[in-house]
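The values are calculated or read from the model by the stated rules, or taken from the named source; none is laboratory data. Just so it is clear, the structure is predicted and the values come from calculations on it, not from any experiment. Backbone-built Cβ (ideal geometry, glycine too); neighbour counts: all protein chains shown. These accessible areas exclude ligands, DNA and RNA; they are computed on the full protein's heavy atoms, side chains included. Shrake-Rupley method; radii C 1.70, N 1.55, O 1.52, S 1.80 Å.
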Number of protein chains: 2
Amino acid sequence: MGPKRCAVASEESLMRIFTVPEAPDSTLSKIELEISSNLAGFLNENIAAIEKPLHEIEKDFQDAVLPEEPMFVSDYAQDIMEQLVAHSVHTAAPSFIGHMTSALPHFVLPLSKLMVGLNQNLVKIETSKAFTPLERQVLGMMHHLAYGNDAHFYDKWMHSAKTSLGAFCSGGTIANITALWIARNRLLKADGEFKGIAAQGILAGMLHYGYKGLAVLVSDRGHYSLGKAADILGLGRENFIGIATDENNKVDVEKMRETAHQLQAKGIKVLALVGVAGTTETGNIDPLNDMADLSAELGCYFHVDAAWGGATLLSDNNRHLLAGIERADSITIDAHKQMYVPMGAGLVLFKDPAAADAIEHHAEYILRKGSKDLGSHTLEGSRPGMAMLVHACMRVIGRKGYEMLIDKGIDKARYFAELIKNDPDFELISEPELCLLTYRYVPKQIQRAIAQADEAERIEIYAALNRFTASMQKRQRETGRSFVSRTRLTPDQYDHQPTVVFRVVLANPLTSNAILKEILAEQKALAKTDPIFKKYLLKYLS
Amino acid sequence: MGPKRCAVASEESLMRIFTVPEAPDSTLSKIELEISSNLAGFLNENIAAIEKPLHEIEKDFQDAVLPEEPMFVSDYAQDIMEQLVAHSVHTAAPSFIGHMTSALPHFVLPLSKLMVGLNQNLVKIETSKAFTPLERQVLGMMHHLAYGNDAHFYDKWMHSAKTSLGAFCSGGTIANITALWIARNRLLKADGEFKGIAAQGILAGMLHYGYKGLAVLVSDRGHYSLGKAADILGLGRENFIGIATDENNKVDVEKMRETAHQLQAKGIKVLALVGVAGTTETGNIDPLNDMADLSAELGCYFHVDAAWGGATLLSDNNRHLLAGIERADSITIDAHKQMYVPMGAGLVLFKDPAAADAIEHHAEYILRKGSKDLGSHTLEGSRPGMAMLVHACMRVIGRKGYEMLIDKGIDKARYFAELIKNDPDFELISEPELCLLTYRYVPKQIQRAIAQADEAERIEIYAALNRFTASMQKRQRETGRSFVSRTRLTPDQYDHQPTVVFRVVLANPLTSNAILKEILAEQKALAKTDPIFKKYLLKYLS
């Protein structure tokens, strides 16, 4: 590797990489052709099935010194196929049902290339032009999908320089932070002598308004990005208060109300409630209408994190599951999850077109006041034109197409839940509300043993099941035929003890019922050879 | 448009978009082929030269209702060529010298497609595998470029699960926010009863440490993202204190020292100094060594925003301009600026591998403690594999290749500055230190008139020149042959009054000396027909 294949840097060879594309018979062009003609085949063939240990992979990425000499593109392409592509994750495989990523519609690939070639920067119109109205339209269409205002509303606000119906961003984390940033700044707004938190900071704001603390209430199942938001916004993770969920993993709104009243009695202002529409771990949706009522009662902001579940609004058959979402002050939706857009497309929608005023910013050379530059209302600055890919998916798939995809996912999850329930070796832990469910491998005999065990023994079996589940999940992943993920819940069935479970997300339209059956069969076979199972659990089967 | 070309959504047609690529003779495939064989030609032909007014473009992006029916990909591609691509900005054009975007090396296009097709999510190893060590290597190589530690250091830390040598992100804004987030959290760390700001929030932290306020000091020329950081981090924009610059647009460190002492006398703790290495408006570099001395004196954090200028480190001939950067606690560099990577690749480097501990976060299902998941140290969550494109550019271009590009840019800026100085119709406002300079169209006779004018008249001329410069910049952009940007400075020559100037960035390797001459010639011609010039300024020429 290296020196002998290196090209000498001359001005001429350097200019060539900015002007002359690779010859059609070069390694990179061949790779591209394969991707274009058959992406699934390319991924199947080039991603190694059996996992190489990470420390082995790292050997190819050891050098911390930037290479001095240039390298031929074809040589680089060859290296990257062997060192990177072969050991990446086949996120599009229909048997890889542990991720929120899925197969992609093929047309997004050439469109991505177009997007990269155009290399627009959405921070301002001067570097994005028509991409700005396009992004505003995408935000408008998503806003309409969630809030359903009338035509007059969108005519007035969608392209207005004064406001923004939402903010596009790289993903749900930035979207959630943006929403809570707005909530915080709206609460601690300018008032009399106080110029507002944006100008004077939290300390001055709290003193002015006489709050001893600010709290955000969210289900125990809230996404970890919310804790990150609490940290970065200066609120503190302890003031981000997790509320217990009911047996269906939905937040207990009565408990939330009690907690809110206790906090307020202590002089702590409830800044916001955050509802989750599709928790990452179990896929459940909080009672959004009840939460909207409570936020009205408390006079606080109401944000819904629908990063994953928000796409369900596209199905007229299932959008009722998110009833109440239209009462939220803001909503996070990730297009790169169930909207089948490639990684890097999140958005947050604002009920009130003036919401983003609270975080507005300007600069001399861009984002001038009165401009329609999108950058004056976003957390990020320079950003690529990802909105184009969302726009493309919306138009090519259409609402009805999305409806079919969403409905199929939910049906598939119900089917998989039935398979699990009908199999004496498996136990369903959480029922699918959307297309996500959790389960474990716990043969009926072990379930019986648990029921009959004394406390000490029960604790022992619980611990063994946890270790076994984690081990099996890892072994299945390493074998490379299929992938389920795992998480830790505290379900009713296990006395609310920490319980490691398999987690699957069935959004990939290419995942067939036959594949689901194979995954269970593979797990049964893996269990039989699992060292932890053999050592600690096998004895209960006799 | 619309209904008549729509495909009926059937499950079969829907599945097809996830499996079968477009036929090679479809519109989208033809577009892709054109991009592959000749990107520059494609952009030249398909982006309309003459600007269509924004309100006209918006007409194609009016509908806020998501279309119900699917649409054929080819039809969509046709629409997008007419409605979007034609009215996007030709950021790669060698005569468009107003942006920080440039022409891209051609190999990043097929690699981008590969990246999108792989659709990895860098938040965790489970969805990114080899992309994680690759990204860590990119951070390591950039860290080495800036800090130059020894091999032992990188062997120990580059792939360590415990730490991170930096954080990859979508751009410089997130990078700057991440750096100051760390600075804030390190200052208000856990201490005795106090569990630290991340847990308890700013208010508790300030009370515990007895600070009346926290301040960040930065040059008046600091990027607007720093104000955004002050807002989101709860510090307040007023506590983000701009310090005047000298006649070379470099921060006056003596003034910074005075201000710091005044603040500390009032009980306000200086949290951080931010040095700028390549200001957005004039391209100058703050005296980083002096700032490092001051931060040592004050015992505060030192961050350098080298989003644009950081790439200069790649040139052994010019990296001395950034001397002292290696003393910064953290450094922001955007790969999508002078490293010729497509939009969406920023990074922040940490001198101390343990720096990011201050913002570390974990979750049950991912980012488990002890894992090498990159997401435990990043502001963003799910993120695409952009690091691959940086890796590719570093290896294919090589340090020497970059050196040539950086040096050529600086030489070109010096050449353009000479052209301007030698032309009696133009006035250089800021000398290029890197490849960025500012200037105006002010014929010698007008310069003379200013020198002889009384105060009232001078103010009048100044105002006319500002209006004229803005008008001409807009007219040049609309004509579509070339593009320079504009900003507002307060230069010496104009008694520190707000002064609208042309701003150019000469990073595009395809921008020739001949093009630079043409741009000045075009501006001369435009001035002659400018209505504002004719009305208010022409009279001084006689």
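Evaluation of residue B:343 against the conditions (1) more than 10 Å from chain A (Cβ to nearest Cβ); (2) assigned to a loop (DSSP other than H, G, I, E, B) shows that the sole unmet condition is (1).
Looking at residue B:243, is it surrounded by fewer than 24 Cβ atoms within 10 Å (Cβ to Cβ) and of a type in the set (A, V, I, L, M)? Before the answer, list the steps.
Details: surrounded by fewer than 24 Cβ atoms within 10 Å (Cβ to Cβ): yes; of a type in the set (A, V, I, L, M): yes.
Yes: the conditions hold for residue B:243.
Of the set (1) away from every other protein chain (no Cβ under 12 Å); (2) farther than 23 Å from residue A:199 by Cβ, all apply to residue B:175 but (1).
Among the residues of the range A:503-515, those identified as crowded, with 22+ Cβ neighbours inside 10 Å and out of contact with any strand residue (DSSP E or B) (no Cβ under 8 Å at 6 or more places or on another chain) are A:507, A:509, A:511.
I'd like the full set of residues that are in contact with a helix residue (DSSP H, G or I) (Cβ under 6 Å, 6 or more places away or on another chain), open to solvent by less than 10 Å² (accessible area, probe 1.4 Å) and among the aliphatic types (A, V, I, L, M), limited to the range B:106-140. Residues satisfying the conditions are B:108, B:109, B:111, B:122, B:123, B:130, B:134, B:138. What number of residues within the range A:11-39 are open to solvent by 20 Å² or more (accessible area, probe 1.4 Å), part of a helix (DSSP H, G or I) and either more than 7 Å from every other protein chain (Cβ to nearest Cβ) or without any contact (Cβ under 8 Å) to a residue 40 or more places away in the chain (or both)? Result for the range A:11-39: 13.
Please go through the range B:406-428 and pick out each residue that is touching a helix residue (DSSP H, G or I) at 6+ places or on another chain (Cβ under 7 Å), touching a residue at least 24 places away in the same chain (Cβ under 8 Å) and either assigned to a helix (DSSP H, G or I) or not charged (D, E, K, R) (or both).
As a first pass, look at the range B:406-428 and keep what is touching a helix residue (DSSP H, G or I) at 6+ places or on another chain (Cβ under 7 Å): B:406, B:415-416, B:419, B:423-428.
After this cut, where a residue has to be touching a residue at least 24 places away in the same chain (Cβ under 8 Å) as well, the list is B:406, B:415-416, B:419, B:423, B:425-427.
Of everything in the range B:406-428, those that are touching a helix residue (DSSP H, G or I) at 6+ places or on another chain (Cβ under 7 Å), touching a residue at least 24 places away in the same chain (Cβ under 8 Å) and either assigned to a helix (DSSP H, G or I) or not charged (D, E, K, R) (or both) turn out to be B:406, B:415, B:416, B:419, B:426.
Considered as a group, the residues in the range A:281-301 that are of a type outside the set (Asp, Glu) and more than 27 Å from residue A:505 (Cα to Cα) include one that is surrounded by the fewest Cβ atoms within 10 Å (Cβ to Cβ), and that residue is A:299. Give B:92, B:64, B:77, B:103 a once-over and let me know the one that is open to solvent by less than 30 Å² (accessible area, probe 1.4 Å), within 7 Å of chain A (Cβ to nearest Cβ), over 25 Å from the mean Cα position of the chain (by Cα) and small (Gly, Ala, Ser). Going through B:92, B:64, B:77, B:103 in turn, just one is open to solvent by less than 30 Å² (accessible area, probe 1.4 Å), within 7 Å of chain A (Cβ to nearest Cβ), over 25 Å from the mean Cα position of the chain (by Cα) and small (Gly, Ala, Ser): B:64. Which members of the range B:197-217 meet the condition of being facing another protein chain (nearest Cβ under 9 Å) and either among the small types (Gly, Ala, Ser) or in a strand (DSSP E or B) (or both)? B:198, B:199, B:201, B:204, B:205, B:213, B:214, listed by residue number. Among the residues of the range B:516-542, those identified as within 16 Å of residue B:419 (Cα to Cα), open to solvent by 30 Å² or more (accessible area, probe 1.4 Å) and in contact (Cβ under 8 Å) with a residue 40 or more places away in the chain are B:517, B:518, B:524. None of A:491, A:432 is surrounded by 16 or more Cβ atoms within 10 Å (Cβ to Cβ) and modelled with pLDDT under 95 except A:491. When restricted to residues that are open to solvent by 20 Å² or more (accessible area, probe 1.4 Å) and part of a helix (DSSP H, G or I), the range A:346-365 contains 2. Per the conditions (1) at positive phi; (2) within 11 Å of chain A (Cβ to nearest Cβ); (3) of a type in the set (Gly, Ala, Ser), the sole criterion not satisfied by residue B:229 is (1).
Among (1) surrounded by 15 or more Cβ atoms within 10 Å (Cβ to Cβ); (2) closer than 30 Å to residue B:105 by Cβ, where does residue B:500 come up short? That leaves (2) as the condition not met.
I'm checking my understanding of the structure. Among residues of the range A:206-225 that are surrounded by 18 or more Cβ atoms within 10 Å (Cβ to Cβ) and of a type in the set (A, V, I, L, M, F, W, C), which one is farthest from residue A:171 (Cα to Cα)? Lay out the reasoning, then the answer.
Here is the first cut: in the range A:206-225, the ones surrounded by 18 or more Cβ atoms within 10 Å (Cβ to Cβ) are A:206, A:208, A:211, A:213-219, A:221-225.
Keeping just the survivors that are of a type in the set (A, V, I, L, M, F, W, C) gives A:206, A:214-218.
Values: A:206: 30, A:214: 26, A:215: 24, A:216: 21, A:217: 22, A:218: 20 Å.
Top of the filtered list is A:206.
Only one of the numbered conditions (1) outside any loop (DSSP other than H, G, I, E, B); (2) closer than 30 Å to residue A:34 by Cα; (3) more than 7 Å from chain A (Cβ to nearest Cβ) is not met by residue B:55, and that is (2). The listed residues are B:395, B:327, B:319, and the only one of them that is free of Cβ contacts under 8 Å to residues at least 12 places away in the same chain, more than 8 Å from chain A (Cβ to nearest Cβ) and open to solvent by 10 Å² or more (accessible area, probe 1.4 Å) turns out to be B:319.
Set side by side, the residues B:242, B:222 differ, and just one is more than 23 Å from residue A:182 (Cα to Cα) and at pLDDT below 95, which is B:222.
Please enumerate the residues belonging to the range B:155-169 that are more than 30 Å from residue A:102 (Cβ to Cβ) and surrounded by fewer than 24 Cβ atoms within 10 Å (Cβ to Cβ). Step through it out loud before you land on a result.
Of all residues in the range B:155-169, those more than 30 Å from residue A:102 (Cβ to Cβ) come to B:155-158, B:160, B:162-163, B:165-166.
Within the range B:155-169, B:155, B:156, B:157, B:160, B:162, B:163 qualify.
Against the numbered list (1) more than 16 Å from residue A:36 (Cβ to Cβ); (2) among the aliphatic types (A, V, I, L, M); (3) within 8 Å of chain A (Cβ to nearest Cβ), residue B:114 comes up short only at (1). Summed over the range A:205-214, the residues that are over 21 Å from residue A:229 (Cβ atoms) and either modelled with pLDDT under 95 or out of contact with any Asp or Glu (no Cβ under 8 Å at 6 or more places or on another chain) (or both) give a count of 2.
Among the residues that make up the range B:409-421, is at least one of them of a type in the set (Ser, Thr, Tyr), open to solvent by less than 30 Å² (accessible area, probe 1.4 Å) and more than 12 Å from every other protein chain (Cβ to nearest Cβ)?
no
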